[in-house]
1. Of the residues that sit in region 369-383 and are in contact (Cβ under 8 Å) with a residue 40 or more places away in the chain and among the β-branched types (V, I, T), which one is nearest to Y226 (Cα to Cα)?
2. Output the residue which, of all residues in region 60-73 that are in a helix (DSSP H, G or I) and over 20 Å from the mean Cα position of the chain (by Cα), is nearest to T121 (Cα to Cα).
3. What are the residues in region 179-188 that are touching a helix residue (DSSP H, G or I) at 6+ places or on another chain (Cβ under 7 Å) and surrounded by fewer than 15 Cβ atoms within 10 Å (Cβ to Cβ), if any?
4. If a residue must be under 14 Å from I69 (Cα atoms) and under 26 Å from the mean Cα position of the chain (by Cα), how many such residues does region 171-198 contain?
5. Name the one entry in Y92, Y112 that is assigned to a helix (DSSP H, G or I), surrounded by fewer than 23 Cβ atoms within 10 Å (Cβ to Cβ) and touching a helix residue (DSSP H, G or I) at 6+ places or on another chain (Cβ under 6 Å).
6. Out of all the residues in region 277-293, is one or more surrounded by fewer than 15 Cβ atoms within 10 Å (Cβ to Cβ) and not in a helix (DSSP H, G or I)?
7. Taking region 288-335, which residues are aliphatic (A, V, I, L, M) and under 23 Å from Y207 (Cβ atoms)?
Amino acid sequence: MKGRSLFNRNFMLDTGINFVVYLIYYLLMVIIAVVAKDQLKASLSEAGLASGIYILGTLMARLQLGKEIELYGRKRTLYFGIFFYLITTLMYFYIPNLTMMYIIRFLNGMAYGVISTATNTIIANCIPEERRGEGINYYGLSTSLAAAIGPFLGMLLMIVANFTVIIVTCVVLIVLCVIGCFALDVKEINLTAIQRKQMKKYTFDNYVESRVLIISVIGFLMGFAYSSVLSFLAAYTREINLADAGTFFFVVYAVVITVTRPITGVIFDRKGENYVLYPCYVCLAVGLFLLSITHTSPILLLAGVFVGLGYGTFMSNGQAVCIKLTPSHRVSVALSTYFVALDFGLGVGPYILGSLHSTLTFQNLYVVAACTAVICLILYYLLYGRRVGGQARMAAQEDTLIDYE
């Protein structure tokens with residue numbers, strides 16, 4: 001591993017494929033509730049379900065593949081996932097009613113779960129070990145940029161075009177991913193006979209990696225909090241007459257994470273996860289609170305800065321923590337556990353928050369989301385952060401004693 005370039009060919013290809021897959025996911029996520037309401041006359045909670053049911057399909061795929069991707073083979077999983085993603089995206093051309101929309105969203109979510117699990121697992125072997133935090137942050141930049149550019153494109157295309165044009169755009173992007181998959185050199189993990197036998201068993205450990213449960217639970221809550229932005233920002237900014245600024249919210253988000261991501265990766269490697277993750281929770285809480293009180297474009301865009309620093313930074317650094325805590329043959333299970341929790345938060349958030357909207361205003365919903373980010377900070381400190389911080393201090397003291405001797 002040592003001596004390898006971080007930006008090698010496989011790293012760039014896998015990162016690019018991951019970017020496009022997530023871009024399409026976020027592009028459709030931010031507009032699907034609007035499509036359901038405007039074209040299929042759905043209520044806000046039904047529209048929220050159209051967003052959230054996608055995640056249910058993702059969860060099923062992630063749970064199964066986290067256990068079996070090494071058994072099926074990473075390359076085979078990658079190929080199957082990308083073709084399944086293409087087919088289920090083509091199905092969006094026919095949505096006569098809400099039931100059909102739910103079915104298509106569920107299947108498309110499964111396809112997304114397959115391909116994203118494959119790319120997230122493959123990347124671990126594309127990064128030199130001594131630059132793990134930095135590499136994962138650059139890779140995670142593809143996800144975070146997709147989380148910013150996807151909604152921006154979706155909201156923009158809904159203004160200047162229609163849903164059919166959006167789906168055509170998505171199909172073209174997936175075809176490019178198919179080409180990229182065939183050019184990617186995928187390194188398989190050679191399992192021992194004992195490891196292969198163990199991973200075939202239907203046990204709790206084969207579906208959930210206990211080493212990453214804490215960061216995964218926090219990831220669920222972070223996803224829940226961010227879902228308020230992803231699913232309802234378009235409707236909220238229309239309500240407060242800031243639709244144009246709402247479109248640029250995601251541009252600001254993208255710029256912020258692009259500038260800060262390389263820095264946070266270096267901090268992770270040199271100082272440890274606490275120096276990166278504590279600020280994430282604070283920034284997300286501040287950003288969501290600003291959304292709850294905004295009535296002007298500058299405050300809305302400032303909220304985008306803090307949300308980017310919060311959720312955008314957390315996503316990849318949470319992934320880096322998972323890789324740090326687990327042995328190589330368990331990385332796929334660990335990442336499955338983490339992303340299942342993260343996606344589950346993104347999935348149930350729109351439905352729960354959409355249901356609360358019958359009694360709470362959008363402003364109050366963003367206060368609830370901000371409080372959720374504060375809970376993440378408290379849980380992280382109590383269950384993980386103070387223990388890691390104590391270990392880091394002990395290691396620093398030992399290094400000082402060694403240098404003194």
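1. The extreme case among them is T372.
2. So, considering only residues that are in a helix (DSSP H, G or I) and over 20 Å from the mean Cα position of the chain (by Cα), the one nearest to T121 (Cα to Cα) is E70.
3. A183, D185, K187, E188
4. Adding up the residues that qualify gives 4.
5. Checking each option against the conditions leaves just Y92.
6. no
7. As a first pass, look at region 288-335 and keep what is aliphatic (A, V, I, L, M): 288, 290-291, 293, 299-303, 305, 307, 309, 315, 320-321, 323, 325, 331, 333-335.
Hits for region 288-335 are M315, A320, V321, I323, L325, V331, V333, A334, L335.
Okay, residues lined up against (1) surrounded by fewer than 20 Cβ atoms within 10 Å (Cβ to Cβ); (2) out of contact with any strand residue (DSSP E or B) (no Cβ under 9 Å at 6 or more places or on another chain); (3) at pLDDT 90 or above:
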site	(1), (2), (3)
V171	yes, yes, yes
V175	yes, yes, yes
S216	no, yes, yes
M222	no, yes, yes
R238	yes, yes, no
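The values are calculated or read from the model by the stated rules, or taken from the named source; none is laboratory data. Predicted model, so just to flag it, every value in this text is computed and none were measured. Note: ideal-geometry Cβ built from the backbone for every residue, glycine included; neighbour counts use all protein chains shown.
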